[in-house]
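The values are calculated or read from the model by the stated rules, or taken from the named source; none is laboratory data. Keep in mind that this is a model prediction, so the values were computed, not measured. With ideal geometry, Cβ positions are generated from the backbone for all residues, glycine too; neighbour counts draw on all protein chains shown. These area figures cover heavy atoms from the full protein model, side chains too; ligands, DNA and RNA do not enter into them. Shrake-Rupley method; radii C 1.70, N 1.55, O 1.52, S 1.80 Å.
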Amino acid sequence: MGLILGPLFLFWLAVAGLALLATAAYVAFGLSRYKAQESVWAFEIGFFFLTNTWAFAVAILSSLLYLFGDDWLSGPLALPALFIATFTVSVGGIVGVSVSDGFIRKRGIQVTY
């Protein structure tokens, strides 16, 4: 039984690692936009992550492909790829909002209201 479940477990562990790596890249890219700024609006970084147009597009496209894309999703890795994309933008948004306050303090960025 371990010969079957072992590789499957390692595959899903690799998928989860890829999703977390993509999430970290998404957050790092989002925060890099604010490195050079001296002041930001109090909710600017949080709103960037929560109302990002690309994140909405990825989440909606993934949902539509999952619900209506039976003709296009013929490969065995299509559904895991949709999971990775949706996981990346949703968890990336939550992580981005969570770490934005620490990022502002670490960079010494002035917060305006």
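Could you please let me know if SER39 is hydroxyl-bearing (Ser, Thr, Tyr) and out of contact with any Leu (no Cβ under 8 Å at 6 or more places or on another chain)?
Yes: the conditions hold for SER39.
Between a residue in the range 1-25 that is farther than 17 Å from LEU79 by Cα and any residue that is modelled with pLDDT of 85 or more and of a type in the set (S, T, N, Q), which pairs come within a Cβ distance under 8 Å, given they are 6 or more apart or on different chains?
Hits for this filter: THR23/THR88.
Would you be able to tell me the number of residues in the range 32-62 that are assigned to a helix (DSSP H, G or I) and either loosely packed, with under 13 Cβ neighbours inside 10 Å or among the aromatic types (Phe, Trp, Tyr) (or both)?
Of the residues in that region, 9 qualify.
Restricting attention to the range 81-113, and to residues there that are farther than 14 Å from ALA55 by Cα and open to solvent by less than 20 Å² (accessible area, probe 1.4 Å), which single residue is modelled with the lowest pLDDT?
Looking at residues that are farther than 14 Å from ALA55 by Cα and open to solvent by less than 20 Å² (accessible area, probe 1.4 Å), I get ILE109.
Condition test on SER74, is it assigned to a helix (DSSP H, G or I) and either surrounded by fewer than 11 Cβ atoms within 10 Å (Cβ to Cβ) or of a type outside the set (A, V, I, L, M) (or both)? Please lay out each step first, then the result.
On the way: assigned to a helix (DSSP H, G or I): no; either surrounded by fewer than 11 Cβ atoms within 10 Å (Cβ to Cβ) or of a type outside the set (A, V, I, L, M) (or both): yes.
No, not satisfied.
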